[in-house]
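Trainee: Shown below is the structure under consideration.
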2 protein chains.
Amino acid sequence: MSAALLHHIAQYTKLPAGEDQELLNFFRRINVNKKEMLLEEGQSCKTHYFVEKGCLRMFFLNSKGVEQTTQFAIENWWITDHMAFQLQKPASFYIQSVEASQLLALDFQVQEKLFLRFPQMESYFRQLYERAYAASQTRVKYLYDLSKEDHYRNFIEKYPGFAQRIPQYLLASFLGFTPEYLSEIRKKHRS
Amino acid sequence: MSAALLHHIAQYTKLPAGEDQELLNFFRRINVNKKEMLLEEGQSCKTHYFVEKGCLRMFFLNSKGVEQTTQFAIENWWITDHMAFQLQKPASFYIQSVEASQLLALDFQVQEKLFLRFPQMESYFRQLYERAYAASQTRVKYLYDLSKEDHYRNFIEKYPGFAQRIPQYLLASFLGFTPEYLSEIRKKHRS
DNA sequence: CGGATCGTTGATCAACTTCAACGGTCGTGG
DNA sequence: CCACGACCGTTGAAGTTGATCAACGATCCG
């Protein structure tokens, strides 16, 4: 049980043997159904989520009031509104389950205690954030460089199968264009 | 001397007293003139740069062969191609000085020794990357939400003065549009 | 079975790019 | 210290990309 997180941590750092359960005690276990809201804009963001099973998404309401998805989190991904989490300020994003999901939750106050008790976790998160930031640099590069159509092609090539896992309007929202335009691209792509 | 980095670190973590010089020995001091290249696409990216004084920029060549600036680094900022740095793979970005600059350089191999000798530096970088990633989430939000014109307005409001420090074509490149269009926006903005 | 939600299609429209041309200024060599 | 060339910012016309709006059919779920 709960092997997912421990296995993930083991890829980055070596934890002391026999203390798995004590480590897991720092986390809350959460189960959610489809379309449950885990965070809403304006709320305080107390929690960092690890997805054991399922899929979450992060989005915000853009200046026209339309939901704009900025991130998905599937198995073995962490997700939160980091600006709100770190500074303990009101969130500017929503987090919602796309599918029924099993999560582990790490609360802000608990995190500091976790680092004191397991210094290896500081190293784990250092490496995790470093990678997340690196991925973000790459993503910004794509956002600058790729046309909407190339963005679509790049996505389905990089994450084959995932496009089938989510409704099409969410994919359009994530890729940054309208469902109508996605429809047009797909038509062109088929023929 | 070199107070800038120590002062920056002190904002995130407490270093042991009297060991400043030993800490600084892990870094190389570098001075560059205007427009010197510190990293080029395809090279291995060995170094993480801290700007004590001056300004660097990161850019890539887009699919049309045009330089696309993705990041500036001024005083007290760190900069590197993180994907290439972490994985020690060929860089996909260029790093170039915008002004004559004083830098501190932390090399990849040295970094691991630094963490062993000064565990607080692991915490410093964990917090730094966490903030960088948070800022990146906010940036992606802007990239999705703001029109090019709003992007310009938002930038000069958030970083007053910086727009005067760099040539206009670099600002246009960073904001993701053509110098011609920036010119048009500025005209509209004046009147 | 019925209503709401989702994907598709086509027409019109706005934002931004591209291209070409011109004037100003900066810095470098003579 | 001057003159020349290269680079930079601006302007306007024409062209693209992708958004918006409205309408329709399909499908999912209660």
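Trainee: Where is the GNM fluctuation largest for chain A (alpha-carbon springs, 10 angstrom cutoff): A:Leu170, A:Leu128, A:Leu87?
Mentor: Checking each option, the largest mean-square fluctuation is seen for A:Leu87.
Trainee: Based on the Kirkwood radius over alpha-carbon pairs, what is the Stokes-Einstein translational diffusion coefficient of the protein assembly as shown at 37 °C with 0.692 mPa s viscosity, in µm²/s?
Mentor: The estimated diffusion coefficient comes to 145 µm²/s.
Trainee: OK, next. Over the Cα atoms of the stretch A:80-191, compute the convex hull volume and normalise it per residue, giving Å³.
Mentor: Numbers: hull volume 16.1 nm³, N = 112.
About 143 Å³ per residue, rounded to a whole number.
Trainee: Which of these, B:Ser97, B:Ser147, B:Ser123, has the largest mean-square fluctuation under a Gaussian network model of chain B (Cα springs below 10 Å)?
Mentor: B:Ser147
Trainee: Give me the angle, in degrees from 0 to 90, between the Cα long axis of helix A:108-117 and the longest principal axis of the Cα atoms of chain A, rounded to the nearest 10.
Mentor: 50 degrees
Trainee: On each of the three principal axes of the Cα atoms of the stretch B:1-113, give max minus min coordinate, whole Å, ordered largest first.
Mentor: Extents along the principal axes, in whole Å: 52, 29, 22.
Trainee: Sticking with this one: Set the Förster radius R0 to 25 Å, insert the Cβ-Cβ distance between B:Lys188 and A:Ala135 as r into 1/(1 + (r/R0)^6), and round the FRET efficiency to 0.05. Display every interim value, and only then the final one.
Mentor: Working: r = 36 Å, r/R0 = 1.45.
The computed FRET efficiency comes out at 0.10.
Trainee: Follow-up question, since we're still on this one. I'm checking a number: the convex hull volume of the Cα atoms of the stretch B:22-77, normalised per residue, in Å³. What is it?
Mentor: Taking only Cα atoms, the stretch B:22-77 has a hull volume of 93 Å³ per residue.
Trainee: For chain B, just the Cα atoms, rotate onto the principal axes and tell me the three extents in Å, largest first.
Mentor: Largest to smallest, the principal-axis extents are 57, 33, 31 Å.
Trainee: For the stretch B:147-191, rounded, prolate or oblate, judged on the Cα gyration tensor with a ≥ b ≥ c (square roots of eigenvalues), a/c < 1.5 rounded, else prolate if a/b > b/c?
Mentor: Because its axes are fairly even, with a/c under 1.5, the stretch B:147-191 counts as rounded.
Trainee: Moving on to the next point. What's the local net charge at A:Gln86, with K and R +1, D and E -1, over the other residues with C-beta under 10 Å away? Don't skip to the answer; put the middle values down first.
Mentor: Working: positive: A:Lys89, B:Arg131; negative: A:Asp81, B:Glu130.
Net charge in that neighbourhood comes out at 0.
Trainee: Here are some pairs, A:Lys35/A:Lys187; A:Lys148/B:Lys188; A:Lys64/B:Lys148; which of them have Cα atoms lying more than 26 Å apart in this structure? Walk me through the numbers before you get to the answer.
Mentor: Values: A:Lys35/A:Lys187 29 Å; A:Lys148/B:Lys188 28 Å; A:Lys64/B:Lys148 16 Å.
Over 26 Å apart, Cα to Cα: A:Lys35/A:Lys187; A:Lys148/B:Lys188.
Read the figures in this text as sums done on the coordinates, not as results from a lab. Source: prediction; values computed, not measured. All Cβ positions, even for glycine, are placed from backbone atoms using ideal geometry, and neighbour counts span all protein chains on display.
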